[in-house]
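Notes follow once the structure below has been shown.
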């Protein structure tokens, strides 16, 4: 009887397809509204090996506002004494563009000027909700991250 109960927990192909479509629709809605949060769990510095992250690192876009809370490992070329803000700041998005060139993903690029550096974020968000984030700074080495779009996020959290 225990084996039969465990077998019933598996999802049928139709259930998996319906769940994937539901998640894809949520991803589309959040990106269209420009109100989303991407939780980050892995980082890949330009030099050195990638690292799994523990903690609540994320980027949150709410209209034309960005809240960036990302760790940074890499070389900084021209930053304030003590390292400055790094990639932990909240500021306005200066430019925002989107490309839906492929059917299973959307590429979003936006620029922020946090007062210390001009930073370009390039997000590749897949229909499954997974996301790749590439960050290009003028005064620091580039760095990339992996994570997932928080489908339960609503602004004001």
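The values are calculated or read from the model by the stated rules, or taken from the named source; none is laboratory data. Everything numeric in this text was worked out from a predicted model, so none of it was measured. Using ideal geometry, Cβ is built from the backbone for each residue, glycine included, and neighbour counts are taken over all protein chains shown.
Being closer than 23 Å to residue 108 by Cα and touching a strand residue (DSSP E or B) at 6+ places or on another chain (Cβ under 9 Å) is a property that residue 72 has. Picking from residues in the range 74-84 that are on the phi < 0 side of the Ramachandran plot and outside any strand (DSSP E or B), the one that is surrounded by the most Cβ atoms within 10 Å (Cβ to Cβ) is 79.
Screening residue 96 against (1) in contact with a strand residue (DSSP E or B) (Cβ under 6 Å, 6 or more places away or on another chain); (2) farther than 15 Å from residue 59 by Cβ leaves a single unmet condition, (2). Entry remark, the range 18-36: residues being closer than 20 Å to residue 66 by Cα and loosely packed, with under 12 Cβ neighbours inside 10 Å number 1 in total. The residues on offer are 24, 18, and the sole one that is under 15 Å from residue 131 (Cα atoms) and out of contact with any strand residue (DSSP E or B) (no Cβ under 7 Å at 6 or more places or on another chain) is 24. When the test is whether a residue is under 27 Å from residue 26 (Cβ atoms) and touching a helix residue (DSSP H, G or I) at 6+ places or on another chain (Cβ under 6 Å), residue 152 does not pass it.
Reported count of residues in the range 10-67, each being assigned to a strand (DSSP E or B) and either in contact (Cβ under 8 Å) with a residue 12 or more places away in the chain or on the phi > 0 side of the Ramachandran plot (or both), is 24.
Residue 128 meets the conditions (1) out of contact with any strand residue (DSSP E or B) (no Cβ under 7 Å at 6 or more places or on another chain); (2) surrounded by fewer than 16 Cβ atoms within 10 Å (Cβ to Cβ); (3) modelled with pLDDT under 90 in every case but one. The failed one is (3).
Within the range 46-73, the set of residues being surrounded by 12 or more Cβ atoms within 10 Å (Cβ to Cβ) and modelled with pLDDT under 90 comprises 46, 50, 72, 73. For the range 85-112, which positions are loosely packed, with under 14 Cβ neighbours inside 10 Å and in a strand (DSSP E or B)? Selection gives 92, 95, 97, 99.
Scanning the range 124-149 for residues that are in contact with a helix residue (DSSP H, G or I) (Cβ under 7 Å, 6 or more places away or on another chain) and either more than 16 Å from residue 109 (Cα to Cα) or without any contact (Cβ under 8 Å) to a residue 40 or more places away in the chain (or both) yields a total of 3.
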